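All remarks here apply to the structure that follows.
We did not get these values from a lab; they are worked out from the coordinates using the rules stated. It should be emphasised that the depicted structure is a prediction, and the values quoted were computed from it without experimental measurement. Neighbour counts run over all protein chains shown; Cβ positions are idealised from the backbone, glycine included.
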2 protein chains.
Amino acid sequence: MTTTTPLPDVLALDEQAQDLLFREARTANAFTDEPVSDEQLAAIYDLVRWGPTAMNSQPLRVVLLRSEEARARLLPHLAEGNRAKTAQAPVVAVLAMDLDFHEELPRVFPHAAGLRDRLDADEDARRSTALLNAGLQVGYAILGIRAAGLAAGPMTGLDAHAVTREFFPDGRHQVLAVVNIGHPAEDAWMERLPRLPFEDAVTLL
Amino acid sequence: MTTTTPLPDVLALDEQAQDLLFREARTANAFTDEPVSDEQLAAIYDLVRWGPTAMNSQPLRVVLLRSEEARARLLPHLAEGNRAKTAQAPVVAVLAMDLDFHEELPRVFPHAAGLRDRLDADEDARRSTALLNAGLQVGYAILGIRAAGLAAGPMTGLDAHAVTREFFPDGRHQVLAVVNIGHPAEDAWMERLPRLPFEDAVTLL
C-alpha cells in the first residue's frame, strides 16, 4: 500500500472540502487587516463542539483576544518569533484544559452516576484525560477555523505557565497552545514541510 | 453572543460536509459486515497527515487490526463493555505516540538544526510535545474516518500499558486510544449527549 496519489473518490468528503481543511490549508504566519466577526467565532464553536471526547468530557476552555489591551497581556509571554504575527492577527485564541472538567459531568454525561466523585479523588486521571481530550479539541478547533475559510496559526512557542497565570489564574486550568485566527496575508507561510509516508506511520496487521 | 442557531453560511465549508464531519457524525457502538478497504484506509491517512503539528513533529503511530489473530491480541485488554463492538468492527486502529518522534526531525523539520539533539536530551519535553500533538492527530484521524463516510468508535476504556506492550513493545511508544472503524449498524449510538454552550467554554476579551 502506497500513498503516492490520493484517490479523492474513495472519500465521501468532496475534494474542495478536503483541500479547505487539510490539503491546501496552511499554518499562517501573517494576516491581512480583514476582521473576524463574532458570528464567525460563534459558528466555529458551534461546529467543533460536536467533536467527540472521552466521557463527553470537553475539557477545552478558550479565551479569545480581540482588544489591544488583552493582547498586550499575552505578547510578552510568547517566543520572540511569534510576537509580530500575534500582534497582527485579528483574533488570538488562548486554548487551555480545565483540570476540573469533571464538575460538568453530571450535566454532560448524566448516565454515569458516581463518575464525578471518582474523578474528584484522582487528579492524575483527570490530568491525563484532560490532556488527551483537550488535544483532540485543539485539533477540531484548528480544522473548524479552516472550515470558516480562515487561516489558523497554532503556536506552542510560549511560556505556558505565564500565559496560564495571566488568563486562567484560578489554578484549575493549564494553557496548551495559542492560535492566531485571520485571513492570510501574501507570503503567509513557509515552504510546505514533508509528512511521513503511510508506511512509516502505519502498520496493518 | 449565543449559540442557539448555527449560521451555516458564515462558514466556508458546505453544510453537508459540516454534518458529515461534526453535526450528524456519531461515535458508533455497532457495525455492519460491510468491509473497509485498504484503499479507504490509505486515503484517510493521505488526507489527515496534512493536519498541522508543532515542529511538524507528527508523533502519532498507528497499528491497524484487520485479521482475527491481531484482534484477539487486543480484546482481552479492553474494558468489558468495549469488547463486543471491537470484535465486530471491520478494522480497529490502535493509536500511539512515538516518544522518539525527534529522530524524524532532520527529515520533517530540516531547517531547525540541533533541534533533534536538544530534544534527545530532554525526555520530558518530548513526552509533553508528543502527548499534545498526537492528541491533535487523534482528532484529525477521527474526522478523517468520518470524511471517508465511515463511522469512528474512539475508546479509552482499555489497559493502555498492556496494549502498548502487545503492539508497541519497543519501549518508545505509548498507546493513547483505540478507534473502531466501519459502517454503523442500526442503533449504533446512544442518545446524543449535550455539549457545553459557547458561554461556558469561551470568553471574549
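Identify, among A:P59, A:L95, A:L78, the residue whose Cα sits farthest towards the positive end of the charge dipole of the stretch A:1-99, taking +1 on the Cβ of Lys and Arg and -1 on the Cβ of Asp and Glu, with the dipole about the Cα centre.
A:L78
Suppose every K and R has +1 on its Cβ and every D and E has -1 on its Cβ; what is the size of the dipole of the stretch A:131-205 about the Cα centre, in Debye to the nearest 20?
The calculation lands at about 240 debye.
When you take every Cα atom in chain B, what is the radius of gyration, and what is Dmax, the widest Cα pair distance, in Å?
Cα radius of gyration and Dmax of chain B are 18.7, 54 Å respectively.
Given N residues in the stretch A:89-155, what is its alpha carbon radius of gyration divided by 2.2 N^0.38 Å?
1.38
Which whole number gives the average, over all residues in A:13-21, of C-beta atoms from other chains lying within 10 Å of the residue C-beta?
Going residue by residue through A:13-21 and averaging, the value is 6.
To the nearest 20 Debye, how big is the dipole of chain A about its Cα centre, given +1 on the beta carbon of each Lys and Arg and -1 on that of each Asp and Glu?
It comes to approximately 300 debye.
Of A:L20, B:N133, A:H161, whose Cα points farthest to the positive end of the dipole of the protein assembly as shown (charges on the beta-carbon: +1 Lys, Arg; -1 Asp, Glu; origin at the Cα centre)?
Comparing the listed Cα positions along the dipole, A:H161 ranks first.
What is the calculated FRET efficiency for A:R23 to B:A125, with r their C-beta to C-beta distance and R₀ = 41 Å, to the nearest 0.05?
0.85
List the relative contact order of the stretch A:1-158 as a percent without decimals, with contacts defined as Cα pairs under 8 Å and 6+ residues apart.
About 35 percent, as a whole number.
Taking the Cα centre of the protein assembly as shown as the origin, how large is its charge dipole in debye, to the nearest 20, when only Lys and Arg (+1) and Asp and Glu (-1) carry charge on their Cβ atoms?
The calculation lands at about 580 debye.
According to the Kirkwood expression over distinct Cα-Cα pairs, how big is the hydrodynamic radius of the protein assembly as shown, in Å?
Value: 21.5 Å, from the Cα pair sum.
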